[in-house]
1. Does LYS3 count as modelled with pLDDT under 85, basic (Lys, Arg) and open to solvent by 100 Å² or more (accessible area, probe 1.4 Å)?
2. Among the numbered conditions (1) part of a loop (DSSP other than H, G, I, E, B); (2) modelled with pLDDT of 80 or more; (3) polar (S, T, N, Q), tell me where ASN51 comes up short.
3. Within region 12-23, is there a residue that is loosely packed, with under 10 Cβ neighbours inside 10 Å and modelled with pLDDT under 80?
Amino acid sequence: MDKFVPYDKMSKKEQKKIDSAKRGSWNGVDPATKVVESDKKRYKRKPKHKNEDWE
C-alpha cells in the first residue's frame, strides 16, 4: 500500500497527472465567452472626423 503524500508535497509531475485526470472535456463547447459588442460603450480609436483639416 502506498503512503499518503499531501498534494503540496508531491512532485510537479505527479500534480500534473492528478490535475489532468480530474479535468474533463468540453464536448465541442467553446469555453471562450461570447459578448455582443455595443457601439455606444466601446472605445473607438479612429478619429471622429477623418477628412476634416483642423488648420
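1. Spelling it out, it is not the case that LYS3 is modelled with pLDDT under 85, basic (Lys, Arg) and open to solvent by 100 Å² or more (accessible area, probe 1.4 Å).
2. For ASN51, the exception is condition (2).
3. There is no residue in region 12-23 that is loosely packed, with under 10 Cβ neighbours inside 10 Å and modelled with pLDDT under 80.
The values are calculated or read from the model by the stated rules, or taken from the named source; none is laboratory data. Every value quoted in this text rests on a predicted model; they were computed, and no experiment measured them. Note that each Cβ is placed from the backbone with ideal geometry, even for glycine, and that neighbours are counted across all protein chains shown. To get the accessible areas, we keep the full protein, side chains included, count just its heavy atoms, and leave off ligands, DNA and RNA. Shrake-Rupley method; radii C 1.70, N 1.55, O 1.52, S 1.80 Å.
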